[in-house]
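Comments concern the structure below.
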Amino acid sequence: MSTTVPSTVVPRYTGTLVDGEWGEPRTRRTFDDLEPATGRRLAAVAAAGPEDVDLAVAAATRAFRTSGWARANPTERGQVLFRLAQLVRERAEELALLEAADVGKLLADARAEVELSASLLEYYAGAANKVLGETYQAGPGKLAYTLIEPLGVVAAIVPWNYPLPLAVLKVAPALAMGNTVVLKPAEEAPLSALLLGQLALEAGLAPGVLNVVPGLGEEAGQALIDHRDVAMIAFTGSTEVGRKVMHAAAERIAKVELELGGKSPHVVFPDADLGELTRHVALGLFKNAGQDCCAGSRVLVHGDIFAEVAERLKEAAEAQKLGDPLRDEGVTMGPLISQRQRERVHSYTTGALADGGSLLTGGRALVEGFPEGSTFYAPTLFSGARPDMRIFQEEVFGPVGVIVPFQDEEEAVQLANQVPYGLAAAVWTNDLSTAHRVAANIQAGMVWVNEYYAHVMEMPFGGFKQSGTGKDYSLHALSSYCQIKEVTVRLSPPA
Ligand code: NAD
């Protein structure tokens with residue numbers, strides 16, 4: 001595949017990785033992977049089609065049956081994952097540069113995500129040999145026990161906002177449990193997942209155990225979720241596509257794990273530390289340019305402090321410095337992933353204005369002074385949105401938040417829960433009882449108190465309601481990638 005690169009970033013792997021071999025796709029087509037901060041082409045990447053997916057699933061099926069991976073001593077599987085973690089650390093700067101260029105994220109954030117990815121590989125490497133079955137003495141002469149078995153071929157489909165850690169969150173527990181994997185990265189940012197595939201080969205993973213097929217969602221993704229030999233689909237992405245995944249899996253009753261969108265609230269009580277609050281709300285809205293499933297995009301604030309909080313957040317939004325994260329100094333926020341995404345984000349702004357929303361700041365694409373073809377959007381805040389407005393209900397996936405007043409705890413909880421999503425939430429108060437009560441009453445998979453993005457790797461991450469099923473992170477993730485068999489033995493003569 002041909003490649004045009006900025007000086008600092010060299011994408012080396014842009015084909016398909018099937019059965020341990022890099023190749024051109026059978027489609028003979030590529031798609032352009034653009035750098036959002038400049039609009040320039042970073043790489044022409046293989047556009048895998050159904051035939052490529054078929055070959056990858058066949059390779060993964062063969063590897064599951066014959067490579068020895070599925071039946072290996074879990075300690076040995078763990079050792080390969082530890083070697084992969086080591087290689088990720090050794091190539092950390094290359095991975096971080098690729099990620100920063102491909103997504104338009106801050107290099108410091110990209111470095112932290114590579115570090116997280118290596119830590120996750122180590123976590124599941126160490127977990128591989130800690131999964132034990134049960135025994136049960138079922139009366140005289142009857143011994144029962146469980147076997148925990150891998151499922152077979154796992155299809156891992158991931159989005160572009162945190163490409164490397166999200167790929168690792170599927171691949172690491174799936175491999176630790178003895179499955180083989182076909183990974184389809186997002187077309188907007190596939191490069192770090194492709195390099196991960198190469199590093200897995202270098203770490204000693206047998207051919208076919210991890211295959212990577214870059215391609216378009218409706219083509220490669222759809223072929224993968226429809227494939228009859230895929231035993232389980234591990235999907236992170238939008239709720240809309242998650243629904244399609246569930247439909248496809250229903251045809252053959254394949255196992256599914258979905259990590260989907262969100263519309264997460266901050267619930268701010270009058271005794272909150274407003275300095276900390278402002279810093280964390282800004283982080284929750286503008287990190288990764290707001291392209292975060294957990295983005296704290298609804299700031300629900302007690303009426304007594306509403307005006308002050310709105311003023312502080314407006315200042316924080318206007319203090320963001322937008323620019324090319326790899327080439328400009330002091331940048332705090334990069335571009336959106338694509339022109340399409342910027343149009344989508346702007347349609348929410350215009351929709352909110354048409355619905356009677358009051359714009360505090362932002363609300364426009366940034367063009368003047370930015371490279372032609374780049375995709376910057378101003379940090380945007382609305383004040384006083386109603387729950388029936390689209391800007392209150394739907395995931396924008398950009399740097400856009402609404403600030404909404406409430407009068408008491410009951411109304412705050414009602415507003416927090418009045419959306420189809422239930423991914424994350426934050427409660428801001430120094431009153432312990434209020435904090436615990438509100439945390440218990442909010443319908444969300446993660447509730448953080450006096451902090452945002454407080455999630456730790458050792459705890460389960462996943463949504464309620466239309467934010468998903470199942471859990472990533474923690475030991476809970478392992479249960480998605482296995483099936484449990486009961487074996488009961490009649491002993492003769494009875495023991
Ligand atoms: P998306 O749903 O458009 O795409 C996700 C992946 O699905 C991509 O690889 C895409 O190519 C593929 N895909 C698209 N159509 C498909 C189809 N018909 N069949 C199979 N695969 C298909 O999402 P996106 O725009 O890449 O990512 C943004 C979304 O991801 C947001 O909604 C965000 O909240 C969500 N997300 C959730 C989490 C979480 O852990 N809950 C984490 C990150 C992102």
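The values are calculated or read from the model by the stated rules, or taken from the named source; none is laboratory data. Fair warning: this is a prediction, and the values are worked out from it, not measured in the lab. When we count neighbours, we look across all protein chains shown, and the Cβ atoms used for this are built from the backbone with ideal geometry, even at glycine.
Would you please name the residue that is farthest from the ligand (Cβ to nearest atom), looking only at residues in the stretch 364-413 that are in contact with a His (Cβ under 8 Å, 6 or more places away or on another chain) and without any contact (Cβ under 8 Å) to a residue 60 or more places away in the chain?
So, considering only residues that are in contact with a His (Cβ under 8 Å, 6 or more places away or on another chain) and without any contact (Cβ under 8 Å) to a residue 60 or more places away in the chain, the one farthest from the ligand (Cβ to nearest atom) is 364.
Since residue 473 meets every condition but one in (1) more than 16 Å from the ligand (Cβ to nearest atom); (2) touching a residue at least 24 places away in the same chain (Cβ under 8 Å), which condition does it not meet?
Only one criterion is unmet by residue 473, namely (1).
Among strands (runs of 3 or more DSSP E) lying entirely in the stretch 393-495, which contain 1 or more residues that are hydrophobic (A, V, I, L, M, F, W, C) and over 30 Å from residue 139 (Cα atoms)?
So the answer is 400-406, 424-428, 446-449.
Just checking, which of 214, 207, 185 is closer than 21 Å to residue 397 by Cβ and either surrounded by fewer than 20 Cβ atoms within 10 Å (Cβ to Cβ) or near the ligand (Cβ under 10 Å from one of its atoms) (or both)?
Among 214, 207, 185, only 185 is closer than 21 Å to residue 397 by Cβ and either surrounded by fewer than 20 Cβ atoms within 10 Å (Cβ to Cβ) or near the ligand (Cβ under 10 Å from one of its atoms) (or both).
Answer with yes or no whether residue 131 is in contact with a Cys (Cβ under 8 Å, 6 or more places away or on another chain) and touching a residue at least 60 places away in the same chain (Cβ under 8 Å).
yes
Select from the stretch 295-330 the residues that are of a type in the set (A, V, I, L, M, F, W, C) and within 22 Å of residue 36 (Cα to Cα) and list them in ascending order.
295, 317, 319, 322, 326
Output the number of residues of the stretch 255-276 satisfying the condition of being out of contact with any strand residue (DSSP E or B) (no Cβ under 7 Å at 6 or more places or on another chain) and either within 21 Å of residue 49 (Cβ to Cβ) or within 10 Å of the ligand (Cβ to nearest atom) (or both).
Of the residues in that region, 0 qualify.
Out of (1) within 28 Å of residue 308 (Cβ to Cβ); (2) more than 10 Å from the ligand (Cβ to nearest atom), what's the single condition that is false for residue 292?
If we test residue 292 against (1) within 28 Å of residue 308 (Cβ to Cβ); (2) more than 10 Å from the ligand (Cβ to nearest atom), just (2) comes out false.
Does residue 99 satisfy the criteria of being in the same structural domain as residue 35 (by TED's automatic domain parsing), buried (at least 17 other Cβ atoms within 10 Å of the Cβ), acidic (Asp, Glu) and in a helix (DSSP H, G or I)?
Criteria met by residue 99.
Could you look through the stretch 231-254, keep only residues that are under 23 Å from residue 19 (Cα atoms) and touching a helix residue (DSSP H, G or I) at 6+ places or on another chain (Cβ under 6 Å), and pick out the one that is farthest from the ligand (Cβ to nearest atom)?
234
Which residues, counting only those in the stretch 63-79, are of a type outside the set (Ser, Thr, Tyr) and outside any helix (DSSP H, G or I)?
Of everything in the stretch 63-79, those that are of a type outside the set (Ser, Thr, Tyr) and outside any helix (DSSP H, G or I) turn out to be 68, 69, 70, 71, 72, 73.
Would you tally the residues in the stretch 475-495 being surrounded by 11 or more Cβ atoms within 10 Å (Cβ to Cβ) and not β-branched (Val, Ile, Thr)?
11
If you take the residues of the stretch 241-278 that are under 15 Å from the mean Cα position of the chain (by Cα) and over 30 Å from residue 315 (Cβ atoms), which of them is surrounded by the fewest Cβ atoms within 10 Å (Cβ to Cβ)?
241
Which one is surrounded by the most Cβ atoms within 10 Å (Cβ to Cβ), of the residues in the stretch 59-79 that are more than 12 Å from residue 210 (Cα to Cα) and hydrophobic (A, V, I, L, M, F, W, C)?
70
Given (1) touching a strand residue (DSSP E or B) at 6+ places or on another chain (Cβ under 7 Å); (2) of a type outside the set (Lys, Arg); (3) outside any helix (DSSP H, G or I), identify the lone condition not met by residue 132.
(1)
Counting just the residues of the stretch 39-58 that are among the small types (Gly, Ala, Ser) and crowded, with 19+ Cβ neighbours inside 10 Å, which one comes out farthest from residue 16 (Cα to Cα)?
Checked the stretch 39-58; the qualifying residue farthest from residue 16 (Cα to Cα) is 43.
Quick one: what pairs do we get from the stretch 206-228, first residue at positive phi and modelled with pLDDT under 95, second basic (Lys, Arg) and more than 8 Å from the ligand (Cβ to nearest atom), C-beta under 8 Å, 6+ apart or different chains?
From the stretch 206-228, no pairs qualify.
Considering only the stretch 165-182, state which residues are part of a helix (DSSP H, G or I), more than 12 Å from the ligand (Cβ to nearest atom) and of a type in the set (A, V, I, L, M).
Result: 168, 171, 172, 174, 175, 176.
Is at least one residue of the stretch 137-155 touching a residue at least 24 places away in the same chain (Cβ under 8 Å) and either in a helix (DSSP H, G or I) or closer than 30 Å to residue 41 by Cβ (or both)?
yes
Show me the strands (runs of 3 or more DSSP E) found entirely inside the stretch 249-367 where at least 3 residues are of a type in the set (A, V, I, L, M, F, W, C).
The qualifying strands (runs of 3 or more DSSP E) are 298-302.
For residue 225, all conditions in the list (1) within 9 Å of the ligand (Cβ to nearest atom); (2) over 17 Å from the mean Cα position of the chain (by Cα); (3) in the same structural domain as residue 439 (by TED's automatic domain parsing) hold save one; what is the number of the exception?
Unmet condition: (3).
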